[in-house]
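See below for the structure under consideration.
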Amino acid sequence: MKNTLILVAIMAIGSFFYFKVYLPKITFASISPIVQDVNETAFGVGTIEAKEMIVLAPKTTAKVLSLFADQGEIVVKGKALAVMDPSDLLASKEEALMAMKKSQMSLLSQQSLLKDLEAKYTLAHTTLIRYQHLISEGFVAQAELDTAFSAEQSAKAQMENATWQVSLMQADIARNEALVKNSNAKIEDLTLKAPETMVVLSRDAEVGSTVLSGSPVFRLINPNSIWVKIYINERQSGTLHVGQSASITLRSHSSTPYRGHIARIGLESDRITEEREVDIAFDQPQHPLYVGERAEATIELAQHTRVLTLPLLALTTHQGVKGVWLANEGHAHFKPLSFQTISANGLIIVTEGVTEKDTILVPAGRDITEGMRIKL
């Protein structure tokens, strides 16, 4: 009996040593779900952009002759900002003017000729009528009547030809007038003017440089149209609507939040990142603001009272299912989880799967397997 008791004790000590000391165990940090109030929000990162941006560019390739504004200046509507070299267009305009004057002089000459031919036709027509009366009375011969008829027809053809020539010359004058107007319009276009009162965002050309057609000389923005263009995950975009409040943080003023609201929601999502563009306007215009600066925005979606929450870092995926690892009597067990949303501060609202009494492991990037021995 004594030996049996000793053997049992040795086996018990060995079993305790094997399971508690010898077998490897991994130490994990653990947390428990907390019931609290949560503000449901959507968070996005983007840049400051301008809704109203205008590019001033010449319609034809030209050299910059003069510039009258620089970056950062406020320009009023109608102010001339740049003048392009009109030399080529002035030559074309002068050529069209000379061609028009030549056509006008030719028209005067042709109109005089037409009057002469009209007079000759009138005479020939009158003579023909007279001969037609005289031949019935036997005073003229048939040959004389035929000659009068031929002369009348010839005068009529010459008059009609001269009339057409006058019409052609008038059309040529109209064409040259249109060429002159077109040259004037192109010359006018070479003076780039501010379409509205705006701010010069950039000056993209200098005096003496040649600018291609359509290439920007100035880029102007309306300072009151500045907004933040951010991108929101599609999972959170379903409840967004125009007018929702938002908090904006700029990289240059990270400690100063600005109030804003959703001004526009993009109709097309990015097919790769699965994000939707959201444009957030400032409630109060801020000056100065720098286009392209990195910005962050938190949109207020809803408020939840006394809901079960977990930090996002506890959420993991096992065999394609989202859930958490529970600590149960020194072993890890996976538990599928249903959650509603993710807040801006990294909390998930749990709807099904765990309770306040559960002890949840924090994976911290380490692999966990079902039934693994753990230590808290």
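The values are calculated or read from the model by the stated rules, or taken from the named source; none is laboratory data. Note that the structure is a prediction, hence the values are computed from the model and not measured. A quick note on method: Cβ atoms are made from the backbone with ideal geometry, for glycine too, and the neighbour counts reach across all protein chains shown. We work out accessible area using only protein heavy atoms, side chains counted, and drop any ligands, DNA or RNA first. Shrake-Rupley method; radii C 1.70, N 1.55, O 1.52, S 1.80 Å.
Please give me, ordered by residue number, the GluC sites (Glu not before Pro) of region 297-376 that lie in loop per DSSP and have at most 10 other Cβ atoms within 10 Å.
Values: sites: E300, E329, E352, E356, E370; in loops: E329, E356, E370.
Here the sparse-neighbourhood loop sites are E329, E356.
For labels at K79 and S209 in the simple 7 Å Cα→Cβ model, what's the distance in nm?
2.1
Given charges of +1 on the Cβ of Lys and Arg and -1 on the Cβ of Asp and Glu, with all other atoms neutral, how large is the dipole of the chain about its Cα centre, in debye to the nearest 20?
Numbers: 36 positive and 41 negative charges, 358 e Å.
It comes to approximately 1720 debye.
Taking 0.36 nm per intervening residue step and subtracting the Cα-Cα distance, what contour gain separates S202 from L113 on full extension? Working shown, then result.
Working: separation 89, 0.36 × 89 = 32.04 nm, distance 6.20 nm.
25.8 nm is the gain from fully extending S202 to L113.
Please report how far the C-alpha centroid of region 202-252 lies from that of region 67-128, rounded to the nearest whole angstrom.
First find each Cα centre; the distance between them is then 45 Å.
Between L267 and T369, what FRET efficiency comes out of the Förster formula 1/(1 + (r/R0)^6) with R0 = 51 Å and r the beta carbon distance, rounded to 0.05?
Working: r = 45 Å, r/R0 = 0.89.
The pair T369/L267 has a calculated efficiency of 0.65.
What are the lysines whose alpha-carbon lies under 21 Å from the alpha-carbon of K79, with same-chain residues fewer than 8 places away excluded?
K79 reaches K59, K63, K186, K193.
Roughly how many Å² of F139 are accessible to a 1.4 Å probe, to the nearest 10?
For F139, the solvent-accessible surface is approximately 140 Å².
Pick out which of T305, T249, T41 has the largest mean-square fluctuation in a Gaussian network model of the chain, springs linking Cα atoms closer than 10 Å.
For the chain, modelled as a Gaussian network with Cα springs under 10 Å, the answer is T305.
Give me the extension gain from V166 to S338: residue separation times 0.36 nm, minus the current Cα-Cα distance, reported in nm with one decimal.
Length gained, V166 through S338: 53.0 nm.
For the chain, set up a GNM with springs between Cα atoms under 10 Å and report which of L190, L90, L289 has the largest fluctuation.
L90
Could you work out the helix-only [θ] at 222 nm for the chain, with each DSSP H run of four or more residues adding -39,500 (n - 2.57) and the total divided by the number of residues, to the nearest 500 deg cm²/dmol? If you can, show how the numbers build up before the last one.
Values: 4 runs with 119 residues, N = 376.
Mean residue ellipticity at 222 nm (helix-derived): -11500 deg cm²/dmol.
Tell me which GluC sites (Glu not before Pro) from region 261-293 have a DSSP coil assignment and no more than 11 other beta carbons within 10 Å of their own. If you can, show how the numbers build up before the last one.
Details: sites: E268, E274, E275, E277, E293; in loops: E274, E293.
Sites meeting the loop and neighbour criteria: none at all.
Which value, in Å², gives the accessible area per residue of the chain when a 1.4 Å probe is used on the protein heavy atoms? Could you put the intermediate results ahead of the total?
Numbers: 22950 Å² over 376 residues.
So the chain comes to 61 Å² accessible per residue, rounded to a whole number.
Whole-Hz ³J(HN,Hα) for each residue in region 63-71, computed from phi via Karplus 6.51 cos²θ - 1.76 cosθ + 1.60 with θ = phi - 60°, x for glycine and proline: what do you get?
Once rounded to whole Hz, the list reads 9, 6, 9, 8, 10, 10, 8, 9, 4.
Multiply the residue separation of E293 and A141 by 0.36 nm, subtract the distance between their alpha-carbon atoms, and state the gained length in nm to one decimal.
Values: separation 152, 0.36 × 152 = 54.72 nm, distance 10.35 nm.
The span from E293 to A141 would gain 44.4 nm if fully extended.
Convert each backbone phi in region 253-258 into a coupling constant with the Karplus relation 6.51 cos²θ - 1.76 cosθ + 1.60 (shift: θ = phi - 60°), then list the ³J(HN,Hα) values in order as whole Hz, x for Gly and Pro.
Per residue, the Karplus-derived 3J(HN,Hα) values read 9, 5, 9, 10, x, 10 Hz.
With a 1.4 Å probe and all protein chains left in place, how much of the accessible area of the chain comes from carbon and sulfur atoms, in whole percent? Please report the intermediate quantities before stating the final value.
On the way: 12520 of 22950 Å².
Roughly 55 percent of what the probe reaches on the chain is carbon or sulfur.
Enumerate the calculated ³J(HN,Hα) couplings along region 27-42 in order (Karplus 6.51 cos²θ - 1.76 cosθ + 1.60, θ = phi - 60°), each rounded to whole Hz, writing x wherever the residue is Gly or Pro.
In residue order, the calculated couplings are 8, 10, 7, 9, 9, 10, x, 10, 8, 7, 8, 10, 8, 6, 9, 10 Hz.
What is the calculated FRET efficiency for D88 to D283, with r their C-beta to C-beta distance and R₀ = 35 Å, to the nearest 0.05? If you can, show how the numbers build up before the last one.
Working: r = 51 Å, r/R0 = 1.45.
The pair D88/D283 has a calculated efficiency of 0.10.
Describe numerically, in nm with one decimal, the distance between label points set 7 Å from Cα along Cα→Cβ at K181 and at L376.
8.9
Springs between alpha-carbon pairs under 10 angstrom, Gaussian network model over the chain: which of E49, E160, E206 fluctuates most?
E160
Find which of A143, Y231, S154 sits farthest along the positive direction of the dipole of region 120-247, computed with +1 on the beta-carbon of Lys and Arg, -1 on that of Asp and Glu, about the Cα centre.
The residue sitting most towards the positive pole is Y231.
What lysines sit close enough to K357 to cross-link, taking a C-alpha to C-alpha distance under 17 Å and skipping anything fewer than 8 places away on the same chain?
K335
DSSP loop (so not H, G, I, E, B), at most 15 other Cβ within 10 Å: list which trypsin sites (Lys or Arg not before Pro) in region 280-376 pass both filters. All intermediate terms of the calculation are to be shown ahead of the outcome.
Values: sites: R294, R306, K322, K357, R366, R373, K375; in loops: K357, R366.
Taking region 280-376 and a limit of 15 other Cβ atoms within 10 Å, the loop trypsin sites (Lys or Arg not before Pro) found are K357, R366.
May I ask you to derive the FRET efficiency for F68 and H253 from their Cβ-Cβ distance with R0 = 35 Å, giving the value to the nearest 0.05? If you can, show how the numbers build up before the last one.
Details: r = 33 Å, r/R0 = 0.95.
Calculated value: 0.60.
Return the long-range amide H neighbours of T359 (sequence gap of 5 or more, or a different chain), with a cut-off of under 5 Å between placed amide H atoms.
A327
Which value in nm describes the separation of the simple spin-label points at T61 and M98, placed 7 Å from the Cα toward the beta carbon?
2.5
Which lysines, on any chain, are close to K115 with Cα under 28 Å apart, when same-chain ones fewer than 8 places away are left out?
Leaving aside lysines fewer than 8 places away in the same chain, those within reach of K115 are K101, K102, K156.
Take every Cα pair under 8 Å in region 160-296 that's 6+ residues apart, average their separations, divide by the length, and report that relative contact order as a whole percent.
19
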